[in-house]
Amino acid sequence: MKVQTFTPPPAIADYVSSIVVLENNSMFYEAVLPLIANGYPSITFQLTDPARILSAGRRSEQLVLYGQNTRPIQLYTAGEITVIAYFLYPYMLQPLFGYPAKELADRSIDLSYSPLAKEMNLKEQLLNAPSLDQRLQAMNQYISRLNKREVNGRISFATRLIQQGNGASLLMNLQKELYVTERTLQRLFEEHIGLTPKMYSRVCQFNAAFRQLNQHQFTGMAGIAEEYGYADQSHLIRAFKDFTNYTPLEYLQKATEFPG
């Protein structure tokens with residue numbers, strides 16, 4: 001599996017945190033590509049061979065807006081695969097699309113029927129583009145043309161603070177920084193992020209540990225647990241299973257089964 005990460009161009013850098021492209025030309029059988037919770041909603045385009053996906057009801061929409069997910073999103077793939085994911089800043093669902101973020105938590109919508117995507121024939125552009133560069137240009141143009149609403153400053157500050165602390169920031173300290181009550185903080189997060197502050201912190205904590213594990217930069221689970229603020233190794237394993245449906249060792253084994 002070829003994985004590329006791109007820095008968003010200046011025109012959309014205020015809205016998009018990163019762009020990730022996964023490509024594989026040798027998937028001769030149906031396989032599941034999981035999108036693991038990372039604290040960012042995303043616009044995802046998937047190009048695969050639907051004729052090779054034999055499981056009933058497993059064919060995915062091709063152009064999708066995903067909200068915050070706490071469970072792995074399963075993309076069913078086969079044949080030649082291209083997945084382009086534009087990871088939005090955590091608070092951008094409402095400013096870009098007008099949706100209360102809570103309505104999209106662990107849910108998705110088919111973007112190809114949205115007004116601007118239909119006007120631009122975005123799905124058709126992406127399907128028919130002869131190169132990755134042209135697909136990225138189409139996505140960049142789409143995002144740059146979206147109507148932008150004002151970003152809530154308190155929620156953007158709060159999410160940055162939690163991310164910088166890898167989910168370990170004390171929510172009580174965050175309330176003091178923002179001069180808000182616990183209830184107001186919860187309402188802000190549910191409206192703009194789609195998760196409670198506690199759950200968002202858990203996602204950020206898990207994602208930091210997951211990145212290190214996924215890069216094989218560790219000597220043992222206990223060390224990762226300590227580094228990222230888990231009480232012990234068993235708490236890390238439990239969190240890992242909550243967010244991926246696997247233990248860390250089971251996940252690493254499954255990852256080796258996916259063609260490189």
| task | Scan the helices (runs of 4 or more DSSP H) fully inside region 111-207 and keep the ones with 1 or more residues being within 18 Å of SER17 (Cα to Cα). | result | 132-145, 153-164, 182-192
| Test for ILE237: is it aliphatic (A, V, I, L, M) and in contact with a Ser or Thr (Cβ under 6 Å, 6 or more places away or on another chain) | yes
| field | Residue check for ALA11: assigned to a helix (DSSP H, G or I), modelled with pLDDT of 95 or more, open to solvent by 40 Å² or more (accessible area, probe 1.4 Å) and small (Gly, Ala, Ser) | value | yes
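Each row is one residue, and each column tells you yes or no for (1) under 17 Å from ASN166 (Cα atoms); (2) in contact (Cβ under 8 Å) with a residue 12 or more places away in the chain; (3) open to solvent by 30 Å² or more (accessible area, probe 1.4 Å).
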| residue | (1), (2), (3) |
| --- | --- |
| GLN186 | no, no, yes |
| GLY194 | no, yes, no |
| ASN214 | yes, yes, yes |
| ARG238 | no, no, yes |
| Total residues in region 149-173, condition open to solvent by 100 Å² or more (accessible area, probe 1.4 Å) and without any contact (Cβ under 8 Å) to a residue 24 or more places away in the chain | 4
| message | Name the residue that is surrounded by the most Cβ atoms within 10 Å (Cβ to Cβ), counting only residues in region 240-260 that are at pLDDT 85 or above and not in a helix (DSSP H, G or I). | response | TYR246
| Unmet requirement for ASP133, which otherwise passes all of (1) surrounded by 13 or more Cβ atoms within 10 Å (Cβ to Cβ); (2) in the same structural domain as TYR91 (by the TED database) | (1)
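The values are calculated or read from the model by the stated rules, or taken from the named source; none is laboratory data. Predicted, not measured: the structure shown is a model, and the values here were computed from it. With ideal geometry, Cβ positions are generated from the backbone for all residues, glycine too; neighbour counts draw on all protein chains shown. For accessibility, only protein heavy atoms count, side chains too; no ligands or nucleic acids. Shrake-Rupley method; radii C 1.70, N 1.55, O 1.52, S 1.80 Å.
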